[in-house]
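Some notes on the structure that comes next.
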Amino acid sequence: MANGTTLAAKGIPTTGKTNERPGTRAVVRHVRMSASKARVVLDLIRDKDVQTADEILRFSERDAAIVIRKLLRSAVANAEHNDEQIADDLYVSACFADEGKTLRRFRPRARGRATRIRKRTCHITIIVSRLPEGELARKRAKDAQRPGSRAARVAGQQLEQEGRRRRRRRTRGAGEGEHTHEHDEGPAEEAGAVDATEPLLEAMEAEDAAIDEASGAAGATEAETEGIVDTTEAAVEAVEEITEEAAEATDDTSPEGPASSATEEGEK
């Protein structure tokens, strides 16, 4: 658990009572466990960002982690819907467990005696707040460096999108050059070159649209991102097939194609 000096160095407020900390809170009352058992788990997630805290609770072997994990999700949902916060920018600023009502039961013992059984309950509170700007900038930079992170995937998709646009510009330039070169061959050859180039350009525009969707889905879930990547791969395969067809059509309409060969044989 971080002390007050460490929290102050990070820009996290440490003044005031714990239950008066600014932020969004979630409370669960009358949990059928003792406050001491809940505090052991709460000490593990205090001052951690919500992603790290969720991972700690997920792999914790204590039963209190199940209830506390649900409560953490509720606090994050409250921050998103009520305070318009971003879940990735939140951390557990405060968490504590108070003693609740004690249920008294009795167990029969020897010689007609009875022993009291105390069934403890507790009230658990979690407060989430937005990370300080300095800590948030360091966290984003660290996440961007991880190969499998969402920021790294978005950056890769943006680079791929730029490469596709460059290829489309080069293809357009090549199409215009072929159109100028084959202008003297006649209207049939010119129409064939235009027909071979237009489907390729349309497919590239559709591919760019799919990549734009993938770049705009940075806040989507992992399953949605994988679906977008599959759609992009399908578009790439379609572009490659149309490119091959366009190349074959261009070869057929070129002066060195089958028609020219037949003419040369007739001259011989």
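Here, each number is a calculation from the coordinates, and none is a lab measurement. Computed from a prediction, not measured in an experiment: that's the story for all the values here. Here Cβ is always computed from backbone atoms with ideal geometry, including for glycine, and neighbour counts include all displayed protein chains.
Residue ranges 159-172, 123-136 sort as 123-136, 159-172 when ordered by packing (mean number of other C-beta atoms within 10 Å per residue, highest first). Highest average first, the peptides 112-122, 93-103 ordered by how many other beta carbon atoms sit within 10 Å of their residues are 93-103, 112-122. In order along segment 69-77, the phi-based Karplus estimate (6.51 cos²θ - 1.76 cosθ + 1.60, θ = phi - 60°) of 3J(HN,Hα) comes to 5, 4, 5, 5, 5, 5, 5, 5, 5 Hz; Gly and Pro are listed as x. The modelled label-to-label distance between Ala77 and Arg105, using points 7 Å beyond Cα along the C-beta direction, is 3.0 nm.
Using 0.36 nm per residue and subtracting the Cα-Cα separation, the extra length available between Glu61 and Arg169 on full extension is 33.2 nm. The modelled label-to-label distance for the pair Glu20/Lys142, using points 7 Å beyond Cα in the direction of Cβ, is 3.1 nm.
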